[in-house]
Each structure stands twice: as C-alpha cells, then as structure tokens.
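Taking it in order: structure first as structure tokens, then the write-up.
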Amino acid sequence: ALSIGIVGLPNVGKSTLFNALSAAGAQAANYPFCTIEPNVGVVPVPDDRLDQLSALVKPLKKIPTSLEFVDIAGLVRGASKGEGLGNQFLGNIRQVNAVLHVLRCFEDDNVTHVEGGVNPVRDRDVVDTELCLKDMETVEKRRERSLKNTKMGGKAGDEAKAEVALLDRIKAKLDEGLTVRAQKLTDDEKAAIQDLFLLTDKPVLYVANISEGQIGKEDSDPRVQQVRDMAAKEGAGVVVLAAALESEIQQLAEADRPGFLADSGLTEPGLNKVVREGYKLLGLWTYFTVGEQECRAWTIHKGFKAPQAAGVIHSDFERGFIKAEVFGWTDLVKLGSEAAVKEKGLLRVEGKEYVVQDGDCMHFRFNV
Ligand code: GDP
C-alpha cells in the first residue's frame, strides 16, 4: 500500500493529527518521544464522486479507497547522529512514499517547544538538515562501493566512474542544504539512485498547524504566510488546519459534525484536504466499480492501462484481461442508469492499451 509519513519536530501536533486521521486513539501527550513505535493508520479517501454514484445506485455497500499514514516520531536536532533515538526513526521515513511535514504555527505556553519558540520555517530547516545529513551518509556508503568498482575494466568500470561523479555532485549539494528533490536530477540520474530511497527525495506536503482561534484569519497570519512563501519556493503544497480541533471533530457523532464545523468556521474537516492533497502528491487517480452489491473506489497510478487497473482488484483480472466496458461517472449521474448511458452510446468497450482516466467507471471481462 502507498503510505505517507508524518514528520516534524516533537510537540508540533503530529500525533494529534495522526490520531485524528486514523481515529485510532493513540495517546497524544505533552512530551517528546511519546510515540515510540511507528503508528500506521489506514484512512478512507473522501470522494464526492463516490457519494453521488452511491446515492444514485443505492448499493448494499459503499467502499472508498484508502491511504496509509505513518506517524514518525523522534525527529530532533541531531537525529542523524543518533540523538533522541533519532537514527532508528529516520529509517522509518525510508519506507514511505511521501512526507507530510507538520509545522507548528500555534502558540500555547503549556506546550513546550523543543527549539525554544514558535518558528515554523526554522523548524522545517532543522528537520531538513537532519534528513540531508542522513542522506549524505547513505550516499557516501554507496560511493565507497562504487569507488571500488571503478577499478574494474571496461563498461562496468566506466559506469562506476559515472556513478561516483553523480554521487559526489549530489552529496556536495546536500552539504549546502539542498534536498535531493530540489536538485532537479534527470530521469536517468533519478533511476541510478532510486534504490537508495533517499529521505529528501520524497515529495512533500506541509501542514501548518494553527490554533482554533486562528481559523478564518490564516491569510493575515504571519507564520502561515512564512510557511506558504517557503513552500511556494520549492513548489510544495500547504494545508492549514487546527490539529486539536480536527481531533475533536473526529470524536463527534457523524450527525453532530456539520453544525460543529459551521460553528468553527469550517466548510469541511481539514483532514479531508490532507488526504486529498496527499493523494494528489502521490500522483494517484481513482476509478469506480458500480453495482447493486457495492459501489467502490479503486486507486491507480496515473497512466495505468486497463489490465493494470484491473489488477488492483485481483491479479487474476490482470492476467486474464479480455476487455473493459467504460463510462464516465458524470454520464451515469447525469443519465440516471447504466442502460441510459448505453443507449446514448456513451458506454465504450476498451482493450489492453486503454489508459484508464480519473473518474472512469469500469466493468472488466476476463478469462479465469
Ligand atoms: P507531536 O510530538 O508532534 O506528536 O505532538 P502532539 O500531537 O503529541 O502534540 C503535542 C501537544 O500539543 C499536545 O499536548 C497537543 O494537545 C498539543 N497540540 C497539538 N495540536 C495543537 C493545536 O492545534 N493547538 C494547541 N493549542 N495545541 C495543540
């Protein structure tokens, strides 16, 4: 499963956000290292299209697709040198596909700030520095191995020399504090270092964690502005939310949420934005299977062809793929039934080369 790791300094609200996300109820507490084990939560992806399809078809079951979030604790200044159990936590970042970086923008005298005061851009630099240092270590290890290989003759030796040169260049830039994702590597260069799973190579989404009192005033909040400016420079997204409030929202009964949201000045939970933006960050698309038994959303990567998309449901579907019947979700909602979609000639039969589109409704035909 694709996963997003939640990182940030201690006491910025990571666990609070994670708990809200997974509604798993792990304890949030006012001290560093309260979450020792990496926590994993599976979060449904809110999707209005699935809601509309289900409202029309009234299936027995409505099943959204999901995204995995991992709460990664223990990042502090010095983590790359093993400070505060740091090293072992950094390894947990290696396994995720993208990073959600939580930045504290809220003031609260009761919540200690490990760096001595609220300053989200500095906090981001502290974390990125640790990640860059760790990546330098990883790159150096690989460089030593490649250096040995340069002694080989012929093509292998030449390749090793090119690799050493590349690694030297990446390391020098990391040393200047430039993350790998900001280094604008070519596709070939990316492929050459892919198996290093460098921490600063992963796509990032920032969360500006504000206090309840700041809701509605984000645009005039200097700290939120600083975060937005910083993120814009690297082309990253920002979601502004109040993690503590998000956690309260999740504890409410479904029916009580709309009123509570309105009273808080929100149109939807901030978490929905986090999940949606995370999904986008990973380059993911959704297709639907629609039937009286169930309406269900499935996750694919952009560019998946029909057999690959079928394989998300079951590997047998991919192996025995014959063809797919496809129509757009809007056509079904507009026309009211699959029969009507067919009558209008909007149901297409597609083969193995069809690239599935975001929002397609699919029926697969396959051999067993
Ligand atoms: P972590 O160390 O980053 O996982 O931080 P936690 O989620 O454990 O939060 C640390 C403390 O900050 C807890 O006491 C939270 O209740 C508090 N906290 C988290 N988010 C907010 C927020 O939006 N506003 C305020 N005032 N406190 C928060």
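Let me confirm something: among 207, 275, 238, which residue is away from the ligand (no atom under 15 Å from the Cβ), surrounded by 12 or more Cβ atoms within 10 Å (Cβ to Cβ) and in a strand (DSSP E or B)? 238 is the lone residue from the list that is away from the ligand (no atom under 15 Å from the Cβ), surrounded by 12 or more Cβ atoms within 10 Å (Cβ to Cβ) and in a strand (DSSP E or B). Within the stretch 21-36, if we keep just the residues that are more than 9 Å from the ligand (Cβ to nearest atom) and either touching a strand residue (DSSP E or B) at 6+ places or on another chain (Cβ under 9 Å) or at positive phi (or both), the residue that is modelled with the highest pLDDT turns out to be 21. For the stretch 93-124, a tally of residues being free of Cβ contacts under 8 Å to residues at least 12 places away in the same chain, among the small types (Gly, Ala, Ser) and under 26 Å from residue 202 (Cα atoms) returns 0.
Can you pull out the residues in the stretch 301-318 that are crowded, with 21+ Cβ neighbours inside 10 Å and β-branched (Val, Ile, Thr)? If the condition is that a residue be crowded, with 21+ Cβ neighbours inside 10 Å and β-branched (Val, Ile, Thr), then no residue fits.
A quick yes/no check of all residues on (1) more than 13 Å from the ligand (Cβ to nearest atom); (2) surrounded by 20 or more Cβ atoms within 10 Å (Cβ to Cβ); (3) assigned by TED's automatic domain parsing to the domain that holds residue 240:
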{"residue": "56", "(1), (2), (3)": "yes, no, no"}
{"residue": "72", "(1), (2), (3)": "no, yes, yes"}
{"residue": "89", "(1), (2), (3)": "no, yes, yes"}
{"residue": "96", "(1), (2), (3)": "yes, yes, yes"}
{"residue": "101", "(1), (2), (3)": "no, yes, yes"}
{"residue": "107", "(1), (2), (3)": "no, no, yes"}
{"residue": "137", "(1), (2), (3)": "yes, no, no"}
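The values are calculated or read from the model by the stated rules, or taken from the named source; none is laboratory data. Please read these numbers as outputs of a predicted model, since none were measured by experiment. Don't worry about glycine lacking a Cβ; one is built from the backbone with ideal geometry, like all the others, and counts go over all protein chains shown.
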